[in-house]
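Working notes for the structure below.
The values are calculated or read from the model by the stated rules, or taken from the named source; none is laboratory data. Every value quoted in this text rests on a predicted model; they were computed, and no experiment measured them. Quick reminder, even Gly has a Cβ in these numbers, built from the backbone with ideal geometry, and neighbours come from all protein chains shown.
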Amino acid sequence: MGSEVEQKLPVLDFSKEALKPGTNSWLLACKDVQRALEEFGCFVVLYDKISDEFRKAFVGSLEELFDLPTETKMTNKYEKPLNGYVGQIPKLPLHESLGIDCATNFEETKKFTKLMWPAGNDKFCERAYAFAKVAEELDQMVARMIFESYGVEKYYDSYVGSISYLLRILQNRSPKENEHNLGFVAHTDKSFTTVLYQNNQVNALEVETRNHEWIKVEFPPSSFIVMAGDALMAWSNDRILSPNHRVIMSGNETRYSLAQFAFSDGEIHVPEELGDEERPLRYKSFDHPGLLRFFRSQDSYISNSAIKAYCGV
């Protein structure tokens with residue numbers, strides 16, 4: 001019988017040295033990343049680019065953000081589905097989140113800040129942008145490792161040239177008496193990759209393994225979670241798992257977390273090299289924004305087979 005304590009996510013250390021493409025440590029890391037994503041669909045990565053002082057200051061900024069009036073937060077809207085404010089959902093009373101689209105572009109982060117604080121809030125703007133840039137650097141390093149580990153690095157530049165980042169800022173409050181402890185429903189991400197960061201030590205994220213056991217994720221200091229989304233699962237021809245995950249709250253502390261999603265602005269090409277006689281290609285190349293619209297039209301946050309319905313062969 002399996003239980004939660006038996007399995008833990010792989011922990012990879014990207015802090016110990018400058019990982020440079022072509023070096024031995026880089027090639028080893030490529031293999032570790034590939035193995036972790038194929039087995040679990042995600043991994044913990046130690047990456048010491050965010051100082052403790054920055055983290056504490058940013059928690060203050062996030063508290064300030066969620067303390068704003070609901071009407072103000074609800075002005076966070078985008079054309080793209082799933083990008084703006086999510087909250088006030090009767091079935092998910094513990095969850096509230098906002099999105100900054102194209103967060104690695106300083107002007108876009110400034111625009112979001114101005115919407116929330118018409119008088120301005122430079123500290124929030126600078127911190128959110130600084131975080132987005134660190135998450136971008138980590139995400140692109142991992143993406144490059146993925147492309148290299150499958151021998152299709154020639155496609156990496158065009159992939160990276162097509163992506164923009166959505167930064168979602170999430171709050172899960174602790175449940176009141178007699179309130180359900182579900183912080184967010186079980187779902188898979190629709191991104192190519194997601195970089196998750198937790199701003200305080202409230203461990204509530206759970207990830208489902210291939211054999212349908214739930215692992216409670218622990219975030220060591222200076223760590224992120226890198227997670228594969230449905231778009232990466234399709235791109236890899238089902239080698240990589242897009243893991244089901246959920247948030248289950250306990251204790252009496254509010255959880256703040258940040259999730260930065262990589263979305264292609266156009267078509268994701270499924271490399272022909274990843275298909276062979278034993279494993280013919282299972283997906284057609286697909287329009288990533290189209291996948292989001294299709295998922296949204298399913299009227300369900302938990303339609304985990306949306307990608308197969310959308311572009312499966």
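Only one of the numbered conditions (1) modelled with pLDDT of 95 or more; (2) within 27 Å of E153 (Cβ to Cβ) is not met by H269, and that is (1). When the stretch 86-109 is filtered for residues that are touching a helix residue (DSSP H, G or I) at 6+ places or on another chain (Cβ under 8 Å), outside any helix (DSSP H, G or I) and closer than 22 Å to E126 by Cβ, the ones remaining, listed by number, are L98, I100, D101, C102, A103, T104. Can you spot a residue in the stretch 144-151 that is of a type outside the set (A, V, I, L, M, F, W, C), modelled with pLDDT of 95 or more, assigned to a helix (DSSP H, G or I) and surrounded by fewer than 16 Cβ atoms within 10 Å (Cβ to Cβ)? No; the residues of the stretch 144-151 include none that is of a type outside the set (A, V, I, L, M, F, W, C), modelled with pLDDT of 95 or more, assigned to a helix (DSSP H, G or I) and surrounded by fewer than 16 Cβ atoms within 10 Å (Cβ to Cβ). Only one entry of Y165, Y159 meets the criterion of being of a type in the set (S, T, Y), in a helix (DSSP H, G or I) and farther than 17 Å from F14 by Cα, and that entry is Y159. The residue of the stretch 16-44 that is farthest from D189 (Cα to Cα), among those that are free of Cβ contacts under 8 Å to residues at least 24 places away in the same chain and acidic (D, E), is E17.
For D189, indicate whether it is buried (at least 21 other Cβ atoms within 10 Å of the Cβ) and touching a helix residue (DSSP H, G or I) at 6+ places or on another chain (Cβ under 9 Å). Don't jump to the end; show me each part of the working.
Details: buried (at least 21 other Cβ atoms within 10 Å of the Cβ): yes; touching a helix residue (DSSP H, G or I) at 6+ places or on another chain (Cβ under 9 Å): yes.
Here the answer is yes, as D189 does meet what is asked.
Here I50 fulfils each of the conditions (1) of a type outside the set (G, A, S); (2) in contact with a Phe, Trp or Tyr (Cβ under 6 Å, 6 or more places away or on another chain); (3) assigned to a loop (DSSP other than H, G, I, E, B); (4) at pLDDT 90 or above apart from (2).
One residue stands out among those in the stretch 255-296 that are of a type in the set (S, T, Y) and touching a helix residue (DSSP H, G or I) at 6+ places or on another chain (Cβ under 8 Å): the one that is surrounded by the fewest Cβ atoms within 10 Å (Cβ to Cβ), which is S285. List, please: which pairs have Cβ atoms under 7 Å, are six or more places apart or on different chains, and start with a residue in the stretch 245-256 that is more than 24 Å from G60 (Cβ to Cβ) and end with one that is assigned to a strand (DSSP E or B) and β-branched (V, I, T)? Close Cβ pairs (under 7 Å, with a partner that is assigned to a strand (DSSP E or B) and β-branched (V, I, T)) amount to H245/V207; R246/V185.
Within the stretch 71-85, how many residues are touching a strand residue (DSSP E or B) at 6+ places or on another chain (Cβ under 9 Å) and part of a helix (DSSP H, G or I)? Residues that pass the stated criteria total 1.
Listed here are the residues, each with its yes/no results for (1) in contact with a Phe, Trp or Tyr (Cβ under 8 Å, 6 or more places away or on another chain); (2) closer than 20 Å to S242 by Cα; (3) touching a residue at least 40 places away in the same chain (Cβ under 8 Å).
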| residue | (1), (2), (3) |
| --- | --- |
| M141 | yes, yes, yes |
| M145 | yes, yes, yes |
| L182 | no, no, yes |
| E208 | yes, yes, no |
| H212 | no, yes, no |
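Only one entry of I89, I50 meets the criterion of being more than 16 Å from the chain's Cα centre (by Cα) and within 30 Å of Y150 (Cβ to Cβ), and that entry is I50.
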